[in-house]
Amino acid sequence: MTTELTILGWTLVLALVQIFLPSIARTRETGPTYNMSARDEPGPPVGKITGRLQRAQANLFETLPLFAAAVLILHVTAQQNTLTLYGAAMYLAGRVLYVPLYAMGIPVVRTLVWSVSLLGLLMLFWVILAPA
C-alpha cells in the first residue's frame, strides 16, 4: 500500500472523529435522553463549540471526496512521487490542525491552516493533470 493511501486511511479516521465530536458536544448540551429520542421537538439552540464542530465537519466533507478521488487516481495510475507524498501529508495535517483551531474560534490561523490543506490537495491535482 502506498503512503498516500495510508494517509487517506488516516483521513477517514479523522472523518469519523469529526462525526463523533459534534455529537458528543450536542449530547452534553441536551442530555442523553433527548439525543436518544426521535427528536420530534426541536432541542435547545446549538452552542458555540457544537456549532463550530459541525461547521468544521461540513468543511472537511466538502473536500474529502476530492482528496479521496485524487489519491485513488494517483494510485491507479502509479503517479506517486515526492509532490504527491507532501501534498497528501499537507492535506491531512491541515485538516487535523483545523479542528481544534475552529473549535477554539481562532480565525486567521485557522484560515491559513485550511489554505495549507487546500495547497496539498492542489499539489495532487497538479500531478494528475500535468502533461506527461
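The values are calculated or read from the model by the stated rules, or taken from the named source; none is laboratory data. Since this is a predicted model, take the numbers as computed values, not measurements. Cβ: placed from backbone, ideal geometry, glycine included. Neighbour counts: every protein chain shown.
Annotation: of all residues in the range 1-31 being under 19 Å from Ile73 (Cβ atoms), in a helix (DSSP H, G or I) and β-branched (Val, Ile, Thr), the one that is nearest to the chain's Cα centre (by Cα) is Thr11.
Looking only at the range 32-48, decide whether some residue is in contact (Cβ under 8 Å) with a residue 40 or more places away in the chain and part of a helix (DSSP H, G or I).
Yes, that holds for at least one residue.
Looking at Gly31, is it among the small types (Gly, Ala, Ser) and at pLDDT 95 or above? No, not satisfied.
Considering only the range 82-102, state which residues are among the hydroxyl-bearing types (Ser, Thr, Tyr) and in contact (Cβ under 8 Å) with a residue 24 or more places away in the chain. The answer is Thr84, Tyr86, Tyr91, Tyr98, Tyr102. If you filter the range 6-20 down to residues that are within 13 Å of Ala56 (Cα to Cα) and of a type in the set (A, V, I, L, M), you find that the one that is surrounded by the most Cβ atoms within 10 Å (Cβ to Cβ) is Leu14. Looking at the range 76-92, can you tell me whether even one residue there is under 13 Å from the mean Cα position of the chain (by Cα), aliphatic (A, V, I, L, M) and under 23 Å from Ser23 (Cα atoms)? Within the range 76-92 (the criterion being under 13 Å from the mean Cα position of the chain (by Cα), aliphatic (A, V, I, L, M) and under 23 Å from Ser23 (Cα atoms)), the answer is yes, since at least one residue qualifies.
Leu66: modelled with pLDDT of 95 or more and within 14 Å of the chain's Cα centre (by Cα), yes or no?
Details: modelled with pLDDT of 95 or more: yes; within 14 Å of the chain's Cα centre (by Cα): yes.
For Leu66, the condition - modelled with pLDDT of 95 or more and within 14 Å of the chain's Cα centre (by Cα) - is met.
I'd like to check something: does the range 74-82 contain any residue that is assigned to a helix (DSSP H, G or I), under 22 Å from Leu8 (Cα atoms) and not hydrophobic (A, V, I, L, M, F, W, C)? Yes, because at least one residue in the range 74-82 is assigned to a helix (DSSP H, G or I), under 22 Å from Leu8 (Cα atoms) and not hydrophobic (A, V, I, L, M, F, W, C). Entry remark, the range 21-48: residues being among the acidic types (Asp, Glu) and loosely packed, with under 12 Cβ neighbours inside 10 Å number 2 in total.
When each of Ala58, Ala69 is tested for being under 27 Å from Arg28 (Cβ atoms), assigned to a helix (DSSP H, G or I) and out of contact with any helix residue (DSSP H, G or I) (no Cβ under 7 Å at 6 or more places or on another chain), the lone residue that passes is Ala58. Out of the residues in the range 49-60 that are surrounded by 13 or more Cβ atoms within 10 Å (Cβ to Cβ) and small (Gly, Ala, Ser), state the one that is farthest from the chain's Cα centre (by Cα). Ranking the candidates gives Gly51 first.
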